[in-house]
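So the structure is just underneath, and the comments pick up after that.
The values are calculated or read from the model by the stated rules, or taken from the named source; none is laboratory data. Treat the numbers as computed from the prediction; the structure is a model and nothing was measured. In this analysis, Cβ positions are derived from the backbone assuming ideal geometry, glycine residues included, and neighbour counts consider all displayed protein chains. Side chains are part of the model used for accessible areas, which takes the heavy atoms of the whole protein and leaves out ligands, DNA and RNA. Shrake-Rupley method; radii C 1.70, N 1.55, O 1.52, S 1.80 Å.
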Amino acid sequence: ETKTIEVGDFAIQRLPVTFGDYADFLVAVEAEQGIEAAAERLPRTDTSDGAYMKRGEGGVYGPTANLLEGAALEFCHEAFGEGFEERIPVMGITWEDAVAYCAWKTKTTRETWRLPKEEEREKAARGVDGRRFPWGDLEDASLAKCRESREHSTQPEPVGAFETAVSVYGMADAAGGMWDWTDSWFDHRETSRVLRGGAWGNPPANLRCTTRLGLRPSDRDTVNGFRCARGL
């Protein structure tokens, strides 16, 4: 059964929030709330490889050396150059972290930023013609960052690496890369939030514009990221 939903005018970030973007947020959190508050916001997972970012000299935050390894690390160095880690979409982020980032972005830009509703995230990826993927109906792992995109074992890559994953509206990584947190509830009991888009560790079928993932707002995972949106 199909249904048509009216979505009001909105803007959404062209790219997901990167480790470089998130570093600026952590500096601001430390300045306002202290070093322990910033430590609470560090990207990490519950299974713990440790945090994915660390505080360096002079209070500057940056990604740790354990983001990538092996052939994937070599590939990214060769394909994307020095400092590519800053351009990897931030991962290991809770829904609460993402909301806090949007509040900080609101304060610094004086525009009201928030997480997108799931319908907004779907429209930004899909357009209005009912396509299955941002690029059309073809299920193909080479068109966006997912589990079978490269010959080596799959690991994250910098944002915008797959030009074919740009939506009709110009949103990059509209499928693949990282799951984007949204502001919508996944269930009637309101225990989980919706994520959209599919990620680097998923099969290509999960990159469909309609695919939904539900996680608790406090969950952290290597495939959880986000981008901000605002009403117009």
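General observations
- Largest first, the three principal axis extents of the alpha carbons in the chain are 54, 40, 31 Å in whole numbers.
- The heavy atoms of E32 offer some 110 square angstrom of accessible surface to a 1.4 angstrom probe.
- Close amide H pairs (under 5 Å, H built 1.01 Å from N) link C209 with F133, residues at least 5 positions away or on another chain.
- Applying the Karplus relation 6.51 cos²θ - 1.76 cosθ + 1.60 with θ = phi - 60° to region 167-179 yields 3J(HN,Hα) values of 7, 4, 8, x, 7, 7, 6, 5, 9, x, x, 10, 5 Hz, where x marks Gly and Pro.
- When shorter helices are ignored and each DSSP H run of at least 4 residues is given -39500 (n - 2.57), the per-residue value for the chain at 222 nm works out to -7500 deg cm²/dmol.
- Total formal charge among the other residues, if their Cβ is under 10 angstrom from that of Y22, Lys/Arg +1 and Asp/Glu -1: -3
- What the pair-distance distribution of region 75-144 shows, using all Cα-Cα distances binned every 10 Å from zero, is 16, 26, 36, 22, 0 percent.
- In Å², nearest 10: area of D129 left accessible to a 1.4 Å probe: 100
- Per residue, the average separation of C-alpha pairs within less than 8 Å and at least 6 apart gives the chain a relative contact order of 26 percent.
- Rolling a 1.4 Å probe over the heavy atoms of the protein chains gives the chain an accessible area of 49 Å² per residue.
- Sorted largest first by accessible area at a 1.4 angstrom probe radius, with every protein chain in place, the residues L42, L115, L73 fall in the order L73, L42, L115.
- Working ranking of peptides 204-215, 88-99, 18-29, 130-141 by packing, defined as the average number of other Cβ atoms within 10 Å per residue, highest first, is 88-99, 18-29, 204-215, 130-141.
- Where both bridge residues fall in the chain, DSSP classifies roughly 90% of the beta bridges as antiparallel.
- Taking amide H positions as modeled 1.01 Å from N, with prolines and chain starts lacking one, the residues under 5 Å from S184 and 5 or more places away or on another chain are E118, V194.
- Using the Karplus relation 6.51 cos²θ - 1.76 cosθ + 1.60 with θ = phi - 60°, the per-residue 3J(HN,Hα) values for region 133-147 come to 10, x, 9, x, 9, 7, 8, 8, 5, 7, 8, 7, 6, 8, 4 Hz, with x marking Gly and Pro.
- Rough spin-label spacing in nm, given labels placed 7 Å along Cα→Cβ, for K3 and R110: 4.1
- Candidates G127, G34, G201, ranked by Gaussian network fluctuation over the chain, Cα under 10 Å, top entry: G34
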